[in-house]
Amino acid sequence: MRKITLVPVVVGIALMGITAFVGTARPTADLTYSENCTNVDRWKADLTAEGFDIRPFAVSDLTLSEQQAMMSLPEPLRDCKMVSIAGYHVIGDVSSGDIITLLRRKPIDVIAIARDTATSETVALHHDGTIERRTGG
């Protein structure tokens with residue numbers, strides 16, 4: 001009886017995993033942050049570790065569209081940093097998982113997602129100005 005070695009099987013599974021990761025390229029994210037933002041490096045490192053290509057821009061003034069997205073939010077949702085990616089704004093320390101979910105679902109009525117510092121949850125901002133919070137677990 002011939003022995004079956006697991007090495008080719010393990011190598012094959014590893015190669016499938018690498019191919020799957022390579023095939024899921026993330027769009028480039030423009031990270032805009034104010035010059036006095038103190039926690040931008042950690043968030044940038046987290047997003048880069050998840051495969052996002054980050055282009056950072058330190059600014060003294062936000063652009064008009066960034067101001068509109070930021071100012072239409074209640075105070076707990078505002079932050080000193082914002083990512084623009086695939087037509088959406090991501091405001092504050094939103095997890096990479098939430099950003100990936102946004103990019104996969106591509107909701108047409110959402111203009112931004114933000115981290116609520118009061119509740120530590122990610123919320124969606126719709127075109128009509130309403131804020132959607134996740135319900136349930």
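The values are calculated or read from the model by the stated rules, or taken from the named source; none is laboratory data. Fair warning: this is a prediction, and the values are worked out from it, not measured in the lab. Backbone-built Cβ (ideal geometry, glycine too); neighbour counts: all protein chains shown.
Could you please find all residues in region 57-103 being acidic (Asp, Glu) and modelled with pLDDT of 85 or more?
Of everything in region 57-103, those that are acidic (Asp, Glu) and modelled with pLDDT of 85 or more turn out to be 93, 98.
Please enumerate the residues belonging to region 98-135 that are assigned to a helix (DSSP H, G or I) and of a type in the set (A, V, I, L, M).
Correct list: 99, 100, 102, 103.
Select from region 71-97 the residues that are among the small types (Gly, Ala, Ser), under 17 Å from residue 27 (Cα atoms) and not in a strand (DSSP E or B) and list them in ascending order.
86, 87, 95, 96, 97
For region 104-135, how many residues are at positive phi and modelled with pLDDT under 90?
2
For region 83-137, what are the residues that are farther than 21 Å from residue 50 by Cβ, free of Cβ contacts under 8 Å to residues at least 24 places away in the same chain and β-branched (Val, Ile, Thr)?
108, 130, 135
Can you pull out every residue in region 14-38 that is in a loop (DSSP other than H, G, I, E, B) and at pLDDT 85 or above?
Within region 14-38, just 28 meets the criteria.
Restricting to region 86-105, and then to whatever is of a type in the set (Val, Ile, Thr) and more than 8 Å from the chain's Cα centre (by Cα), can you tell me which residue is farthest from residue 41 (Cα to Cα)?
Ranking the qualifying residues of region 86-105, first place goes to 101.
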